[in-house]
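Novice: One structure, as structure tokens, below. Some questions next.
Derivation of every value follows stated rules applied to the coordinates shown; laboratory data play no part. From a predicted model like this one, the values you see are computed outputs, not experimental measurements. FYI the Cβ positions are ideal-geometry reconstructions off the backbone, even for glycines, and counts take in every protein chain you see.
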Amino acid sequence: MRWLLVDKILTMEPGKTSTGSRCFTRSEPFFMDHFPGYPIVPGVLQIEMVAQLGGKCIMAANPGFLPVLTSVKSAKFRRPIEPGDKAVIHVDVTVRKSYSLAKGWIEVEGKNMSSAEIMYALIPIPENRMTDKVEHIPGGI
């Protein structure tokens, strides 16, 4: 099973900032058990949404390196994200030589749902190891 938690990258300034979106349908497998009768997106998946978008933003600025999650410095959950919600993910990234940081937040209909601060190690990617190329497309993503 693949856990791709960003449907679309809306904007990106590589190595600095990015905005993406994720639409949640009732058919998401985790809604079945989290929680029966009151389905909400698990907090750990909200952290992963920020981590995935931040990682793409970091890779766009450093294509030879893989950002690997090393710590979640903080996470706050303010409101539940429910089936049918369109989440907009925002990240601000700080890239250093051997590590990077992402501060991100998730909104639904302009309301702040959650936020997280994440740290990544930057691991050099050996040639021919990854096929998921990250490319900057002039005029948008």
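Novice: Out of the residues in region 62-88 that are of a type in the set (D, E, K, R) and in a loop (DSSP other than H, G, I, E, B), which is farthest from K16 (Cα to Cα)?
Specialist: From region 62-88, those of a type in the set (D, E, K, R) are 73, 76, 78-79, 82, 85-86; that's our starting set.
Now restrict to residues that are in a loop (DSSP other than H, G, I, E, B): 78-79, 82, 85.
Working: R78: 25, R79: 27, E82: 29, D85: 27 Å.
So the residue we want is E82.
Novice: Then there's this: Looking at region 51-74 only, could you name the residues that are under 13 Å from the mean Cα position of the chain (by Cα) and more than 16 Å from V95 (Cβ to Cβ)?
Specialist: Keep residues of region 51-74 that are under 13 Å from the mean Cα position of the chain (by Cα), which gives 51-59, 67-69, 72.
Within region 51-74, Q52, V72 qualify.
Novice: Restricting attention to region 28-61, which residues are in a loop (DSSP other than H, G, I, E, B) and within 23 Å of E107 (Cβ to Cβ)?
Specialist: If the condition is that a residue be in a loop (DSSP other than H, G, I, E, B) and within 23 Å of E107 (Cβ to Cβ), then E28, H34, F35, Y38, P39, I40, V41, P42 are the ones that fit.
Novice: Test V44 against the stated conditions and say whether it is surrounded by 14 or more Cβ atoms within 10 Å (Cβ to Cβ) and under 17 Å from the mean Cα position of the chain (by Cα). Let's see the steps before the verdict.
Specialist: Working: surrounded by 14 or more Cβ atoms within 10 Å (Cβ to Cβ): no; under 17 Å from the mean Cα position of the chain (by Cα): yes.
Spelling it out, it is not the case that V44 is surrounded by 14 or more Cβ atoms within 10 Å (Cβ to Cβ) and under 17 Å from the mean Cα position of the chain (by Cα).
Novice: Now a separate question. Please work out if I81 is buried (at least 21 other Cβ atoms within 10 Å of the Cβ) and more than 12 Å from the chain's Cα centre (by Cα). So that I can check it myself, show each step before the final result.
Specialist: Working: buried (at least 21 other Cβ atoms within 10 Å of the Cβ): yes; more than 12 Å from the chain's Cα centre (by Cα): yes.
Here the answer is yes, as I81 does meet what is asked.
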